[in-house]
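> The structure is given below, and queries will be raised subsequently.
The values are calculated or read from the model by the stated rules, or taken from the named source; none is laboratory data. Everything numeric here is computed off the predicted structure, so don't read it as measured data. Here the Cβ positions follow ideal geometry from the backbone for every residue, glycine too, while neighbour counts run over all protein chains shown.
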Amino acid sequence: MTKTRRMIAEQIRHVDAVCEILDARIPVSSRNPDVDELTAGKPRLVVLNRVDQADPEGTRAWAAYFRARGYAVLESDAKGGAGTGKFAAAVRELLADKLRAYAEKGQVGRVVRVMILGIPNVGKSTFINKVAGRKTAKTEDRPGVTRSKQWVPIDRGLELLDTPGILWPKFEDQSVGLNLAFTGAVKDDILDVETLGCHLTAYLGERYPGALESAYKLSALPEREAEENDVAWGYRLLEAAGRRRGFLISGGEVDTERMAKILLDEFRAGKLGRFTLELPS
Ligand code: GDP
(Lines give C-alpha, C1' and ligand atoms only; values in the text may rest on other atoms or scores of the structure.)
Protein backbone atom coordinates (compact mmCIF):
# COMPACT_ATOMS: atom_id res chain seq x y z
CA MET A 1 0.00 0.00 0.00
CA THR A 2 2.83 2.41 0.82
CA LYS A 3 4.25 2.07 -2.70
CA THR A 4 0.85 2.62 -4.30
CA ARG A 5 0.22 5.61 -2.07
CA ARG A 6 3.52 7.12 -3.10
CA MET A 7 2.79 6.57 -6.79
CA ILE A 8 -0.65 8.11 -6.46
CA ALA A 9 0.79 11.08 -4.62
CA GLU A 10 3.36 11.56 -7.42
CA GLN A 11 0.90 11.20 -10.27
CA ILE A 12 -2.07 13.05 -8.84
CA ARG A 13 -0.81 16.47 -9.96
CA HIS A 14 -0.60 15.24 -13.56
CA VAL A 15 -4.29 14.36 -13.75
CA ASP A 16 -7.43 16.46 -14.05
CA ALA A 17 -9.80 13.96 -12.48
CA VAL A 18 -9.90 10.66 -10.64
CA CYS A 19 -12.09 7.78 -11.68
CA GLU A 20 -12.82 5.27 -8.96
CA ILE A 21 -14.09 1.91 -10.11
CA LEU A 22 -16.33 0.22 -7.56
CA ASP A 23 -18.22 -3.05 -7.53
CA ALA A 24 -21.89 -2.04 -7.79
CA ARG A 25 -22.82 -4.96 -5.52
CA ILE A 26 -20.59 -3.70 -2.70
CA PRO A 27 -19.76 -0.05 -3.34
CA VAL A 28 -18.59 0.63 0.20
CA SER A 29 -16.69 -2.59 0.79
CA SER A 30 -14.93 -2.30 -2.57
CA ARG A 31 -13.86 1.26 -1.88
CA ASN A 32 -10.61 2.20 -0.26
CA PRO A 33 -11.42 5.08 2.10
CA ASP A 34 -7.88 6.47 1.73
CA VAL A 35 -8.82 7.65 -1.76
CA ASP A 36 -10.47 10.72 -0.27
CA GLU A 37 -7.26 11.85 1.31
CA LEU A 38 -4.99 10.76 -1.56
CA THR A 39 -6.96 12.55 -4.24
CA ALA A 40 -8.12 15.55 -2.26
CA GLY A 41 -9.60 18.27 -4.38
CA LYS A 42 -9.70 16.40 -7.69
CA PRO A 43 -13.05 16.04 -9.42
CA ARG A 44 -14.21 12.46 -9.04
CA LEU A 45 -16.11 10.05 -11.21
CA VAL A 46 -17.48 6.92 -9.60
CA VAL A 47 -17.95 3.96 -11.91
CA LEU A 48 -20.43 1.46 -10.53
CA ASN A 49 -19.13 -1.59 -12.37
CA ARG A 50 -20.67 -5.07 -12.62
CA VAL A 51 -24.18 -3.63 -12.81
CA ASP A 52 -25.11 -6.80 -14.72
CA GLN A 53 -24.54 -8.71 -11.48
CA ALA A 54 -26.15 -6.17 -9.13
CA ASP A 55 -29.77 -5.61 -8.17
CA PRO A 56 -30.95 -2.72 -10.41
CA GLU A 57 -32.77 -1.11 -7.50
CA GLY A 58 -29.62 -1.20 -5.40
CA THR A 59 -27.66 0.37 -8.26
CA ARG A 60 -30.21 3.18 -8.52
CA ALA A 61 -29.91 3.84 -4.80
CA TRP A 62 -26.11 3.93 -4.94
CA ALA A 63 -26.02 6.18 -8.00
CA ALA A 64 -28.26 8.67 -6.18
CA TYR A 65 -26.11 8.38 -3.06
CA PHE A 66 -22.88 9.25 -4.85
CA ARG A 67 -24.46 11.99 -6.97
CA ALA A 68 -25.80 13.63 -3.82
CA ARG A 69 -22.23 13.75 -2.56
CA GLY A 70 -20.94 15.58 -5.62
CA TYR A 71 -19.54 12.71 -7.66
CA ALA A 72 -20.25 12.08 -11.30
CA VAL A 73 -21.57 8.52 -11.62
CA LEU A 74 -21.36 6.03 -14.46
CA GLU A 75 -23.09 2.66 -14.36
CA SER A 76 -21.13 0.05 -16.24
CA ASP A 77 -20.95 -3.56 -17.25
CA ALA A 78 -17.37 -3.58 -18.40
CA LYS A 79 -17.57 -7.18 -19.55
CA GLY A 80 -20.60 -6.74 -21.80
CA GLY A 81 -19.72 -3.12 -22.58
CA ALA A 82 -22.96 -1.45 -21.43
CA GLY A 83 -22.34 2.06 -20.14
CA THR A 84 -18.65 2.20 -21.06
CA GLY A 85 -19.45 4.23 -24.19
CA LYS A 86 -20.59 7.10 -21.99
CA PHE A 87 -17.27 7.43 -20.20
CA ALA A 88 -15.76 10.23 -22.29
CA ALA A 89 -18.95 12.29 -22.11
CA ALA A 90 -19.15 11.78 -18.33
CA VAL A 91 -15.57 13.01 -17.89
CA ARG A 92 -16.21 16.05 -20.10
CA GLU A 93 -19.32 16.88 -18.13
CA LEU A 94 -17.45 16.50 -14.84
CA LEU A 95 -14.73 18.84 -16.11
CA ALA A 96 -16.99 21.21 -18.03
CA ASP A 97 -15.84 24.33 -16.15
CA LYS A 98 -12.19 23.50 -16.62
CA LEU A 99 -12.62 22.71 -20.31
CA ARG A 100 -14.45 26.00 -20.78
CA ALA A 101 -11.59 27.83 -19.06
CA TYR A 102 -9.05 26.10 -21.33
CA ALA A 103 -11.09 27.09 -24.36
CA GLU A 104 -11.23 30.69 -23.19
CA LYS A 105 -7.45 30.71 -22.87
CA GLY A 106 -7.14 29.30 -26.36
CA GLN A 107 -5.88 25.91 -25.09
CA VAL A 108 -8.43 23.98 -27.06
CA GLY A 109 -6.31 20.94 -27.81
CA ARG A 110 -5.21 20.42 -24.23
CA VAL A 111 -5.34 16.78 -23.16
CA VAL A 112 -7.49 15.83 -20.19
CA ARG A 113 -5.99 13.11 -18.03
CA VAL A 114 -7.80 10.78 -15.69
CA MET A 115 -6.36 8.45 -13.07
CA ILE A 116 -8.14 5.13 -12.66
CA LEU A 117 -8.25 3.59 -9.20
CA GLY A 118 -9.78 0.43 -7.87
CA ILE A 119 -9.22 -2.64 -5.77
CA PRO A 120 -8.02 -5.82 -7.48
CA ASN A 121 -10.54 -7.72 -9.56
CA VAL A 122 -13.10 -4.91 -9.65
CA GLY A 123 -12.80 -4.77 -13.44
CA LYS A 124 -10.25 -2.01 -14.09
CA SER A 125 -8.46 -3.66 -17.01
CA THR A 126 -11.69 -4.77 -18.61
CA PHE A 127 -13.16 -1.28 -18.24
CA ILE A 128 -10.08 0.43 -19.68
CA ASN A 129 -9.95 -1.99 -22.61
CA LYS A 130 -13.58 -1.26 -23.39
CA VAL A 131 -13.40 2.52 -23.17
CA ALA A 132 -10.14 2.55 -25.14
CA GLY A 133 -11.57 0.20 -27.74
CA ARG A 134 -8.60 -2.10 -27.33
CA LYS A 135 -9.12 -5.45 -28.94
CA THR A 136 -6.53 -7.41 -27.05
CA ALA A 137 -8.10 -7.96 -23.68
CA LYS A 138 -5.14 -7.88 -21.36
CA THR A 139 -7.00 -9.25 -18.41
CA GLU A 140 -6.70 -12.38 -16.39
CA ASP A 141 -9.27 -13.74 -14.03
CA ARG A 142 -7.23 -13.35 -10.91
CA PRO A 143 -6.84 -10.46 -8.51
CA GLY A 144 -4.12 -7.94 -8.94
CA VAL A 145 -3.29 -8.44 -12.59
CA THR A 146 -2.93 -4.97 -14.02
CA ARG A 147 0.20 -4.02 -15.87
CA SER A 148 2.80 -1.31 -15.46
CA LYS A 149 2.08 2.40 -15.57
CA GLN A 150 0.83 3.74 -18.86
CA TRP A 151 -1.20 6.45 -20.48
CA VAL A 152 -4.03 5.07 -22.54
CA PRO A 153 -5.55 7.33 -25.20
CA ILE A 154 -9.35 7.22 -25.12
CA ASP A 155 -10.35 9.65 -27.77
CA ARG A 156 -9.30 13.07 -28.95
CA GLY A 157 -7.98 14.96 -25.95
CA LEU A 158 -8.64 12.31 -23.28
CA GLU A 159 -6.13 9.94 -21.70
CA LEU A 160 -6.24 7.49 -18.84
CA LEU A 161 -3.54 6.52 -16.45
CA ASP A 162 -4.45 2.93 -15.81
CA THR A 163 -2.00 2.54 -12.95
CA PRO A 164 -1.04 3.29 -10.23
CA GLY A 165 -4.47 1.97 -9.75
CA ILE A 166 -4.34 -0.96 -7.43
CA LEU A 167 -5.54 -0.21 -3.98
CA TRP A 168 -6.25 -2.80 -1.38
CA PRO A 169 -9.61 -2.83 0.28
CA LYS A 170 -9.75 -1.94 3.94
CA PHE A 171 -11.13 -4.50 6.28
CA GLU A 172 -12.71 -2.06 8.65
CA ASP A 173 -15.33 -4.41 9.94
CA GLN A 174 -16.36 -7.98 9.44
CA SER A 175 -19.03 -7.19 6.87
CA VAL A 176 -16.42 -5.72 4.51
CA GLY A 177 -14.37 -8.91 4.63
CA LEU A 178 -17.48 -11.00 4.10
CA ASN A 179 -18.66 -8.94 1.13
CA LEU A 180 -15.25 -9.14 -0.54
CA ALA A 181 -15.16 -12.88 0.02
CA PHE A 182 -18.73 -13.43 -1.27
CA THR A 183 -17.91 -11.66 -4.53
CA GLY A 184 -14.56 -13.43 -4.86
CA ALA A 185 -12.56 -10.18 -4.63
CA VAL A 186 -10.44 -11.78 -1.93
CA LYS A 187 -9.65 -15.43 -1.39
CA ASP A 188 -12.01 -17.56 0.62
CA ASP A 189 -9.49 -18.12 3.37
CA ILE A 190 -10.68 -15.28 5.59
CA LEU A 191 -13.22 -17.78 6.90
CA ASP A 192 -13.90 -21.44 6.27
CA VAL A 193 -16.13 -21.97 3.27
CA GLU A 194 -18.99 -23.32 5.33
CA THR A 195 -19.18 -20.30 7.62
CA LEU A 196 -18.89 -18.00 4.61
CA GLY A 197 -21.77 -19.89 2.99
CA CYS A 198 -23.84 -19.51 6.17
CA HIS A 199 -23.33 -15.74 6.14
CA LEU A 200 -24.31 -15.57 2.48
CA THR A 201 -27.47 -17.66 2.82
CA ALA A 202 -28.47 -15.60 5.86
CA TYR A 203 -28.09 -12.37 3.86
CA LEU A 204 -29.93 -13.73 0.86
CA GLY A 205 -32.59 -15.31 3.07
CA GLU A 206 -33.22 -11.95 4.66
CA ARG A 207 -33.12 -9.74 1.57
CA TYR A 208 -33.82 -12.05 -1.34
CA PRO A 209 -35.72 -15.07 0.00
CA GLY A 210 -37.43 -15.70 -3.36
CA ALA A 211 -34.07 -16.15 -5.07
CA LEU A 212 -33.00 -18.86 -2.63
CA GLU A 213 -36.38 -20.57 -2.84
CA SER A 214 -36.30 -20.77 -6.61
CA ALA A 215 -32.60 -21.66 -6.93
CA TYR A 216 -32.90 -24.54 -4.48
CA LYS A 217 -36.53 -25.46 -5.14
CA LEU A 218 -37.64 -24.81 -1.59
CA SER A 219 -41.34 -24.14 -1.20
CA ALA A 220 -40.60 -21.96 1.81
CA LEU A 221 -37.40 -21.17 3.69
CA PRO A 222 -37.01 -22.41 7.25
CA GLU A 223 -38.14 -19.54 9.43
CA ARG A 224 -35.63 -17.55 11.36
CA GLU A 225 -36.05 -17.96 15.08
CA ALA A 226 -36.03 -15.01 17.42
CA GLU A 227 -32.46 -14.25 18.52
CA GLU A 228 -31.03 -16.70 16.00
CA ASN A 229 -27.74 -15.34 14.65
CA ASP A 230 -26.73 -15.24 10.99
CA VAL A 231 -24.51 -18.30 11.09
CA ALA A 232 -27.06 -20.47 12.87
CA TRP A 233 -29.89 -19.48 10.56
CA GLY A 234 -27.67 -19.58 7.48
CA TYR A 235 -26.63 -23.09 8.46
CA ARG A 236 -30.25 -24.24 8.50
CA LEU A 237 -30.77 -22.64 5.09
CA LEU A 238 -27.70 -24.45 3.74
CA GLU A 239 -29.02 -27.69 5.17
CA ALA A 240 -32.39 -27.20 3.50
CA ALA A 241 -30.77 -26.40 0.16
CA GLY A 242 -28.30 -29.28 0.45
CA ARG A 243 -31.08 -31.72 1.27
CA ARG A 244 -32.97 -30.67 -1.86
CA ARG A 245 -29.84 -31.15 -3.91
CA GLY A 246 -29.30 -34.57 -2.35
CA PHE A 247 -25.92 -33.75 -0.83
CA LEU A 248 -26.09 -36.33 1.93
CA ILE A 249 -23.39 -37.99 3.93
CA SER A 250 -23.63 -41.09 6.10
CA GLY A 251 -26.46 -41.08 8.60
CA GLY A 252 -28.63 -38.88 6.40
CA GLU A 253 -26.81 -35.71 7.39
CA VAL A 254 -26.44 -32.95 4.84
CA ASP A 255 -22.99 -32.20 3.47
CA THR A 256 -23.25 -28.50 4.26
CA GLU A 257 -19.64 -27.83 3.33
CA ARG A 258 -20.22 -29.10 -0.20
CA MET A 259 -23.44 -27.09 -0.38
CA ALA A 260 -21.60 -23.96 0.78
CA LYS A 261 -18.96 -24.37 -1.96
CA ILE A 262 -21.63 -24.79 -4.61
CA LEU A 263 -23.65 -21.85 -3.30
CA LEU A 264 -20.61 -19.55 -3.47
CA ASP A 265 -19.73 -20.77 -6.98
CA GLU A 266 -23.29 -20.27 -8.16
CA PHE A 267 -23.52 -16.87 -6.52
CA ARG A 268 -20.29 -15.69 -8.19
CA ALA A 269 -21.32 -17.12 -11.54
CA GLY A 270 -24.57 -15.13 -11.33
CA LYS A 271 -26.68 -18.29 -11.31
CA LEU A 272 -28.69 -17.23 -8.28
CA GLY A 273 -29.63 -13.84 -9.67
CA ARG A 274 -28.54 -10.22 -9.32
CA PHE A 275 -27.85 -8.95 -5.83
CA THR A 276 -26.66 -5.87 -4.05
CA LEU A 277 -25.01 -6.85 -0.79
CA GLU A 278 -25.00 -3.49 0.93
CA LEU A 279 -27.26 -0.47 0.62
CA PRO A 280 -26.82 3.18 1.54
CA SER A 281 -27.85 3.52 5.17
P1 GDP B 1 -8.84 -5.76 -12.43
O2 GDP B 1 -8.02 -6.64 -11.53
O3 GDP B 1 -9.52 -4.69 -11.66
O4 GDP B 1 -8.08 -5.21 -13.61
O5 GDP B 1 -10.04 -6.70 -12.99
P6 GDP B 1 -10.24 -7.34 -14.44
O7 GDP B 1 -10.54 -6.29 -15.44
O8 GDP B 1 -9.09 -8.24 -14.72
O9 GDP B 1 -11.60 -8.17 -14.23
C10 GDP B 1 -11.66 -9.32 -13.39
C11 GDP B 1 -12.71 -10.30 -13.91
O12 GDP B 1 -14.02 -9.70 -13.80
C13 GDP B 1 -12.56 -10.66 -15.39
O14 GDP B 1 -12.91 -12.03 -15.53
C15 GDP B 1 -13.60 -9.79 -16.09
O16 GDP B 1 -14.09 -10.38 -17.27
C17 GDP B 1 -14.70 -9.70 -15.05
N18 GDP B 1 -15.48 -8.44 -15.15
C19 GDP B 1 -14.98 -7.17 -15.20
N20 GDP B 1 -15.97 -6.27 -15.27
C21 GDP B 1 -17.14 -6.96 -15.25
C22 GDP B 1 -18.54 -6.59 -15.30
O23 GDP B 1 -18.93 -5.40 -15.36
N24 GDP B 1 -19.45 -7.61 -15.25
C25 GDP B 1 -19.07 -8.91 -15.15
N26 GDP B 1 -20.03 -9.84 -15.09
N27 GDP B 1 -17.77 -9.30 -15.11
C28 GDP B 1 -16.82 -8.35 -15.16
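> Under the condition of being closer than 22 Å to ARG274 by Cβ and modelled with pLDDT of 85 or more, which residue from region 185-197 is surrounded by the fewest Cβ atoms within 10 Å (Cβ to Cβ)?
ALA185
> Can you spot a residue in region 173-184 that is away from the ligand (no atom under 13 Å from the Cβ), part of a strand (DSSP E or B) and at pLDDT below 85?
no
> With respect to GLN11, determine if the residue is part of a helix (DSSP H, G or I) and at pLDDT below 90.
Yes, satisfied.
To keep it simple, each residue is scored yes or no on (1) in contact with an Asp or Glu (Cβ under 7 Å, 6 or more places away or on another chain); (2) closer than 14 Å to LEU158 by Cβ; (3) surrounded by fewer than 21 Cβ atoms within 10 Å (Cβ to Cβ).
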| site | (1), (2), (3) |
| --- | --- |
| GLY81 | no, no, yes |
| GLY85 | no, yes, yes |
| LEU95 | yes, yes, yes |
| LYS105 | no, no, yes |
| VAL108 | no, yes, yes |
| ILE116 | yes, yes, no |
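> Another question, then. Just to be sure before I move on: is LEU212 buried (at least 16 other Cβ atoms within 10 Å of the Cβ), in contact (Cβ under 8 Å) with a residue 24 or more places away in the chain and either out of contact with any helix residue (DSSP H, G or I) (no Cβ under 8 Å at 6 or more places or on another chain) or part of a helix (DSSP H, G or I) (or both) in the structure I sent?
So LEU212 passes the test.
> For GLY234, work out the one condition from (1) more than 16 Å from the ligand (Cβ to nearest atom); (2) out of contact with any Ser or Thr (no Cβ under 7 Å at 6 or more places or on another chain); (3) not acidic (Asp, Glu) it doesn't fulfil.
(2)
> I've got another one for you. From the residues in region 45-70 that are touching a strand residue (DSSP E or B) at 6+ places or on another chain (Cβ under 8 Å) and in contact (Cβ under 8 Å) with a residue 40 or more places away in the chain, which one is surrounded by the fewest Cβ atoms within 10 Å (Cβ to Cβ)?
Among those that are touching a strand residue (DSSP E or B) at 6+ places or on another chain (Cβ under 8 Å) and in contact (Cβ under 8 Å) with a residue 40 or more places away in the chain, it is THR59.
> Of the numbered conditions (1) within 28 Å of THR59 (Cα to Cα); (2) not in a loop (DSSP other than H, G, I, E, B), GLU257 fails exactly one; give the number of that condition.
(1)
> Now for a separate question. Can you name the residue in region 18-44 that is touching a residue at least 12 places away in the same chain (Cβ under 8 Å) and small (Gly, Ala, Ser) and, of all such residues, is nearest to the ligand (Cβ to nearest atom)?
ALA24
> Of the conditions (1) in a helix (DSSP H, G or I); (2) at pLDDT below 95, GLY270 fails just one. Which one is it?
(1)
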